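A.B. asks: Pasting a structure here, questions to come.
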Amino acid sequence: MLEDKVLIWKFKCGSSDALCRIYEKYRKDLLRLAAILSNNSSDAEDIVHDVFVSFAQSAETLKLSGNLKRFLLTCVANRARNKNRANQRRQTDGLDEAKSVISQSKSPEQWMIQSEELRRWSDIMVQLPYGQRETVILHLRAGMKFRQIAQSQGVSVNTVKGRYRYGLNKLRSILDGEVEK
Amino acid sequence: MRSAENIEKIVKNLNLDIDTNPQKDQTVLSELLDAQKRSMKQQSALALPNIRRFIMKSPMTKFAVAAVVVIAVLIGVNPFSNSKTSIVLADVVERFESVPFFRLTIYLGYDNSDEAKKVEIWKSEDSHVRAHEGNKVIFADFSNNETNIIAFDRATKQPINNMGYVSMILKELCSQGRFSLDTIINIIPSEDGITSVETADTAASKETVVFEIKHKETPEWISIWALRSSKLPVRMCFHDPRNNEHGDFFFDYSEQKDAKFFDPEAFTNQAQEQPAKSSSENVLNEQEIIDVLERWTVLSGGSFPSSLDIQTIKDIDPNADISFLYNGLKNLNGAINFETPFATFDRDNPPSQDEINKYFDSVLFVLSGRFQEVLAEMTDWHYVGQGVKLGDAYTAILWFRPKGSEKYRVIYGDLSAKDVKPENLQK
């Protein structure tokens, strides 16, 4: 992706055009991933917003020799994982007894407008344990290798492969269950 | 009961449509630009931007060096198994470095788009480089360790920001102080992985050998055609199936440019001498014709217009790229002192579509008016560009005889120009 290399280079030189182009090019991919990982529109929007803001501030320090899209997707996955941990902690501590409400309605302030299909799949994927959900989505939708996912999650490749296998099995039983209904 | 493969296929092929609220998009984008500005200000307080400093600090540079080492090892151990004359890619890389001068023409684009970006790079015997990319003329000096890259606007001859494909390629090359093929190869893949080199089935050609370079983890590929006899590369192309990005590189070793061509001072002095020249001097006018033709064609979708008059210029999509129009206007404004609100157009605060539509007629006026004015200074001009694709180096689209000249100037579909004797003009 020669275009991405030029964009990164221009961005590192301080080009606002390059930042606009990167934003326009990848914002939907990032929102899609965040939506399916968090199953919560406002969390997803926060995650992508934060990823872009820290990216915008990182021109001087950014050390990126690989794929820009994958880098941004990994940033989203990392933030979604942290957010998920924080949400779980809040729920275990009893600080947030109210169930997280999935924002479905479209408000003027809402950034992301999800299709029915995306909502349906977010609801399906949320039934998978987080690690499995992330692995399946990053591998199948973001095209990441198990090795790369393992690096990003800080676990072994075998663990990632296991999560993937279990994730697919669980997904299969959910989908088969849907058909039986 | 679905199989695991079936589930994989379903998830992979899901059409998960998503849209964004344009107002919110604008808000987020402004926030990002603010964040970027603040961050850049803090950094510039420490040190002013300096291209050379950037080059030496860049992690991409370090990557390029590391990647070159890897590929050098790889290409050295991949023998050409079915060869009539045994050549490995390392031979081609080495031979290319020993070439005193060359011209490299690059076409970059996407499969589904007619628009191709053309880039030309010339290298001199004493390691000076000149490149043309759109309206930019870029000079680089590889002759000593202190490598400099300077860019100028082709029309105004003023120094400009030198960011773009050429600058990036040159920057990578600068990191090694030499113009090497392996560095060009390594600029292309988007991953910092190891590439494998294979020799393609070359039974079809006794003259050439083809090397196919593949990335281990991504689907990108690069092919290099080299002559068996001289081991010189003649063509290189790459393709990235993920976004259909492709590039074609053509190497030419026949034309040696003089030292003046590579001298940035000579280039800028030419600008200062320009006003003293009579209007019949064809250099500036020809360049203007080419510049306008290029913009006109790109804005028309990549094919040259059917005729050169106001009617066809009106076919240009009013929603065409703003900055492209703006740059064209800026150059032409310099020539005829015409002013539109776009002349003060601020990229961070772009005009609304209504404003663009309002002044679009002015844009057309400037383009067509100036074009006719320039053409009127030429004698016996003929335009036959209808339907010719931008980048077609073999089809003449326009020829004219500059005043006082015996020969005709012929402009081709790739916007190159040559002197042709009247008797040699295509019938």
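A.B. asks: What is the one condition in (1) closer than 26 Å to B:G164 by Cα; (2) open to solvent by 30 Å² or more (accessible area, probe 1.4 Å) that A:L62 does not satisfy?
C.D. replies: (2)
A.B. asks: Quick one: how many residues across the stretch B:233-260 are over 19 Å from B:D414 (Cβ atoms), open to solvent by 20 Å² or more (accessible area, probe 1.4 Å) and away from chain A (no Cβ under 14 Å)?
C.D. replies: Of the residues in the stretch B:233-260, the ones over 19 Å from B:D414 (Cβ atoms) are B:233, B:238-245, B:256, B:258-260.
Those still in the list that are open to solvent by 20 Å² or more (accessible area, probe 1.4 Å) too: B:239, B:241-244, B:256, B:258-260.
Add one more test, that the residue is away from chain A (no Cβ under 14 Å), and what stays is B:256, B:258-260.
Looking only at that region, the number is 4.
A.B. asks: Another one. Scan the stretch A:106-138 for residues that are open to solvent by 30 Å² or more (accessible area, probe 1.4 Å) and aliphatic (A, V, I, L, M) and jot them down.
C.D. replies: A:I113, A:V126
A.B. asks: Also: Yes or no: B:F211 farther than 28 Å from A:R147 by Cα, in a strand (DSSP E or B) and open to solvent by less than 10 Å² (accessible area, probe 1.4 Å)? So that I can check it myself, show each step before the final result.
C.D. replies: Details: farther than 28 Å from A:R147 by Cα: yes; in a strand (DSSP E or B): yes; open to solvent by less than 10 Å² (accessible area, probe 1.4 Å): yes.
In short, yes.
A.B. asks: Something else: Within the stretch B:388-414, track down each residue that is at pLDDT below 85 and assigned to a loop (DSSP other than H, G, I, E, B).
C.D. replies: Within the stretch B:388-414, B:L390, B:G391, B:D392, B:A393, B:Y394, B:P402, B:K403, B:G404, B:S405, B:E406, B:K407, B:D414 qualify.
A.B. asks: In addition: If you go through the stretch A:4-16, how many residues are among the β-branched types (V, I, T) and at pLDDT 80 or above? Before the answer, list the steps.
C.D. replies: First, pick out the residues of the stretch A:4-16 that are among the β-branched types (V, I, T): A:6, A:8.
The next check asks that each one be at pLDDT 80 or above; those that pass are A:8.
Here the count works out to 1.
A.B. asks: Could you count how many residues in the stretch B:382-427 are closer than 24 Å to B:V119 by Cα, open to solvent by 90 Å² or more (accessible area, probe 1.4 Å) and among the polar types (S, T, N, Q)?
C.D. replies: Matching residues across the stretch B:382-427 total 1.
A.B. asks: Going by what's in this entry, would A:L72 be described as aliphatic (A, V, I, L, M) and either open to solvent by 10 Å² or more (accessible area, probe 1.4 Å) or at the interface with another protein chain (Cβ under 8 Å from one of its Cβ atoms) (or both)? Lay out the reasoning, then the answer.
C.D. replies: Working: aliphatic (A, V, I, L, M): yes; either open to solvent by 10 Å² or more (accessible area, probe 1.4 Å) or at the interface with another protein chain (Cβ under 8 Å from one of its Cβ atoms) (or both): no.
Criteria not met by A:L72.
A.B. asks: Right, here's the next one. Can you tell me which residues in the stretch A:148-157 are more than 9 Å from chain B (Cβ to nearest Cβ) and either open to solvent by less than 30 Å² (accessible area, probe 1.4 Å) or not hydrophobic (A, V, I, L, M, F, W, C) (or both)?
C.D. replies: To start, the set of residues in the stretch A:148-157 that are more than 9 Å from chain B (Cβ to nearest Cβ) comprises A:149-157.
Within the stretch A:148-157, A:I149, A:A150, A:Q151, A:S152, A:Q153, A:G154, A:S156 meet the criteria.
A.B. asks: What helices (runs of 4 or more DSSP H), lying completely within the stretch B:1-71, carry at least 2 residues that are surrounded by 13 or more Cβ atoms within 10 Å (Cβ to Cβ) and at pLDDT 50 or above? Can you show your working first?
C.D. replies: Details: elements: B:4-12, B:22-46, B:51-57.
Fully inside the stretch B:1-71 and qualifying: B:4-12, B:22-46.
A.B. asks: Just give me the residues in the stretch A:17-53 being open to solvent by 10 Å² or more (accessible area, probe 1.4 Å), at the interface with another protein chain (Cβ under 7 Å from one of its Cβ atoms), over 30 Å from A:G167 (Cα atoms) and at pLDDT 85 or above, in sequence order.
C.D. replies: Of everything in the stretch A:17-53, those that are open to solvent by 10 Å² or more (accessible area, probe 1.4 Å), at the interface with another protein chain (Cβ under 7 Å from one of its Cβ atoms), over 30 Å from A:G167 (Cα atoms) and at pLDDT 85 or above turn out to be A:C20, A:V53.
The values are calculated or read from the model by the stated rules, or taken from the named source; none is laboratory data. The model shown is predicted, which means the values in this text are computed figures rather than measured ones. With ideal geometry, Cβ positions are generated from the backbone for all residues, glycine too; neighbour counts draw on all protein chains shown. Ligands, DNA and RNA are excluded from the accessible area calculation, which covers all protein heavy atoms including side chains. Shrake-Rupley method; radii C 1.70, N 1.55, O 1.52, S 1.80 Å.
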